[in-house]
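> Right, I'll just put the structure down here and ask away after.
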Amino acid sequence: MNSAVTIEEATQEFWLATEKHRVCRVVLEGEPLPRLIWPLGIARSSKNHIVVVCWQSLGFTKAGSKAGYRNLQLDNVIGIELLDSHFQKPNDFNPLDGQYKDWVYHI
């Protein structure tokens, strides 16, 4: 796993993972366990944060939360590992959703 990645490195890694439909293991600052995500794109949120828009299948989350869509702040990502497993674009993924202001890219 890459350690202490820059925002630019993280953006490149997530773009590559999205293009190749590769599942990623990510570590966020301050979290004890990694997350397994399907990176769907990078956008500016309606709250003006740069986020990795993803489907999280496993890993650290709020108690009781299940798999689902997450917006992870890009500047909180401290480690990324592209895994050998692949994902399919979720049928209900909507890049036109109002919570996204500007896309860097999306699937």
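Every read-out reported here was derived from the displayed coordinates using simple, explicitly stated rules and does not represent laboratory data. Since this is a predicted model, take the numbers as computed values, not measurements. Note: ideal-geometry Cβ built from the backbone for every residue, glycine included; neighbour counts use all protein chains shown.
> Any chance you could get the radius of gyration and Dmax over the Cα atoms of segment 24-107, in Å?
Looking at segment 24-107, its Cα Rg and Dmax stand at 12.4, 33 Å.
> Work through the residues other than GLY41 whose Cβ is under 12 Å from its Cβ and net out their charges, Lys, Arg +1 and Asp, Glu -1.
-1
> Between segment 6-42 and segment 75-98, how many Å separate their Cα centres?
Using only Cα atoms, the two centres lie 7 Å from each other.
> If you keep only loop residues by DSSP, which trypsin sites (Lys or Arg not before Pro) in segment 23-95 have at most 13 other Cβ atoms within 10 Å of their Cβ?
Within segment 23-95, the qualifying trypsin sites (Lys or Arg not before Pro) (loop, at most 13 other Cβ atoms within 10 Å) are LYS47, LYS62, LYS66.
> Okay, moving on. Among the lysines, which fall within straight-line cross-link reach of LYS62, defined as a Cα-Cα distance under 23 Å, with same-chain neighbours fewer than 8 residues apart omitted?
Qualifying lysines at Cα under 23 Å: LYS47.
> In straight Cα distance, which aspartates and glutamates are under 20 Å from LYS20, not counting same-chain residues fewer than 8 positions off?
Filter leaves GLU8, GLU9, GLU81, ASP84, ASP92.
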